Amino acid sequence: MKPRKIPMRNCKGCNEMKPKKELIRVVKSPEGEISLDLTGKKNGRGAYICRSVECLKAARKSRRFEKEFECKISDELYDLMEKELADEEQAD
């Protein structure tokens with residue numbers, strides 16, 4: 001049997017290509033709401049980030065999500081995503 005192709009995605013923080021399962025999806029819903037999608041199944045435009053707070057901080061500093069989603073993202077939303085990511089890191 002032919003081996004299955006592993007989908008690869010680009011992390012917006014460290015800019016490395018990694019398997020999709022290793023990354024967390026940040027999604028902009030059709031209503032314009034931006035949030036972390038830990039399941040990877042929410043509707044909307046997605047961008048991927050590693051499961052580390054450092055990658056989220058790097059993406060925040062270079063405004064990669066704002067460029068990807070073509071909208072302004074508030075500092076409160078970034079802080080909330082950082083907290084969710086830190087909590088998810090603690091759970092592992």
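The values are calculated or read from the model by the stated rules, or taken from the named source; none is laboratory data. Please read all numbers here as calculations on a predicted model, not as lab measurements. Glycine gets a Cβ as well: all are built from the backbone with ideal geometry, and neighbour counts include every protein chain shown.
Please list, ordered by first then second residue, the pairs with beta carbon atoms under 7 Å, 6 or more apart or interchain, first in the stretch 20-41 and closer than 16 Å to residue 9 by Cα, second of a type in the set (Lys, Arg). Going by the 7 Å Cβ cut-off, the qualifying pairs are 20/9; 23/9; 24/51; 27/42; 27/45; 37/25; 40/25.
For the stretch 41-69, the set of residues classified as among the acidic types (Asp, Glu) and more than 25 Å from residue 31 (Cα to Cα) consists of 54 only.
Can you confirm whether residue 46 is at pLDDT below 90 and touching a Lys or Arg at 6+ places or on another chain (Cβ under 6 Å)? Judged against the criteria, residue 46 is not a match. In the condition set (1) more than 10 Å from the chain's Cα centre (by Cα); (2) over 22 Å from residue 8 (Cα atoms), residue 81 is compliant with all but (1).
Selection of the stretch 22-49 for residues being under 25 Å from residue 6 (Cα atoms) and in contact with a Gly (Cβ under 6 Å, 6 or more places away or on another chain) yields 25, 27, 28, 49.
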